[in-house]
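Take a look at the structure set out below.
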Amino acid sequence: MATMNELENTTHIRFAFLLILIGLLLAVDSFFKISLFIKLWPLLALMLGIGFIGIFNKQRKRGFSYLVIGIYLILFTILALFCNFTSWDLLSIYWPIFITFLGVVFLAIYFYRKTSRATLFIGVILIFLSLYFLFIFSLGSDQWWTIFILVGLSILLSRFKK
């Protein structure tokens, strides 16, 4: 088993290499004017997300905040890379994806703990809600009122089940 001093040295070496890599990317951007770092900056968020999930996995007492932050950062990286290579203007249509991220986080917590069905329910509801918003805003925002009809119908249907 590694001692604490060995773990600290390994962490410092990894951090030093990460800083060198970031510096090299910035140097390439600066000297060659190719805007590599401008397009790939979300990879820093990806590394942070993976780091948070790594911290979560190494803890004896699981702090789910590390898992939540890690998953959210990884999903955000995917969206940010997509927007960097297409257009950030697409977020005016794709903003419900952030709700999907929350739904995925709830699902991950449920599948890791397997305790609370309410967590599963919230995750599924958030994902379906985000898909609904994506559908409505891709058609046109003038159908937003349908959410009231759907919520009312779901309340009525839940009353019949009892």
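The values are calculated or read from the model by the stated rules, or taken from the named source; none is laboratory data. All values reported here derive from a predicted model rather than from experimental measurement. Please note: Cβ atoms are built from the backbone with ideal geometry, for glycine as well, and neighbour counts cover all protein chains shown.
Does region 50-67 contain at least one residue that is within 30 Å of SER138 (Cβ to Cβ), in a helix (DSSP H, G or I) and in contact with a helix residue (DSSP H, G or I) (Cβ under 6 Å, 6 or more places away or on another chain)? Within region 50-67, not a single residue is within 30 Å of SER138 (Cβ to Cβ), in a helix (DSSP H, G or I) and in contact with a helix residue (DSSP H, G or I) (Cβ under 6 Å, 6 or more places away or on another chain). When residues in region 76-91 are screened for being in contact (Cβ under 8 Å) with a residue 12 or more places away in the chain and not aliphatic (A, V, I, L, M), 4 of them pass.
Residues are listed down the side, and each one gets a yes or a no for (1) part of a loop (DSSP other than H, G, I, E, B); (2) among the aromatic types (Phe, Trp, Tyr); (3) surrounded by 11 or more Cβ atoms within 10 Å (Cβ to Cβ):
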{"residue": "ILE99", "(1), (2), (3)": "no, no, yes"}
{"residue": "VAL105", "(1), (2), (3)": "no, no, yes"}
{"residue": "ALA118", "(1), (2), (3)": "no, no, no"}
{"residue": "GLY123", "(1), (2), (3)": "no, no, yes"}
{"residue": "LEU129", "(1), (2), (3)": "no, no, yes"}
{"residue": "PHE135", "(1), (2), (3)": "no, yes, yes"}
{"residue": "ARG159", "(1), (2), (3)": "no, no, no"}
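May I ask you to list the residues in region 87-132 that are polar (S, T, N, Q) and either within 19 Å of LEU73 (Cβ to Cβ) or not assigned by TED's automatic domain parsing to the domain that holds LEU67 (or both)? Spell out how you get there, then give the answer.
Our first condition is that a residue be polar (S, T, N, Q); within region 87-132, this holds for 87, 92, 100, 115-116, 119, 130.
Matches in region 87-132: THR100, SER130.
Within region 72-83, if we keep just the residues that are within 26 Å of ILE136 (Cβ to Cβ) and not aromatic (Phe, Trp, Tyr), the residue that is farthest from the chain's Cα centre (by Cα) turns out to be CYS83. Scanning region 61-86 for residues that are in contact with a Lys or Arg (Cβ under 9 Å, 6 or more places away or on another chain), farther than 18 Å from PHE106 by Cα and modelled with pLDDT under 90 returns ASN84, PHE85.
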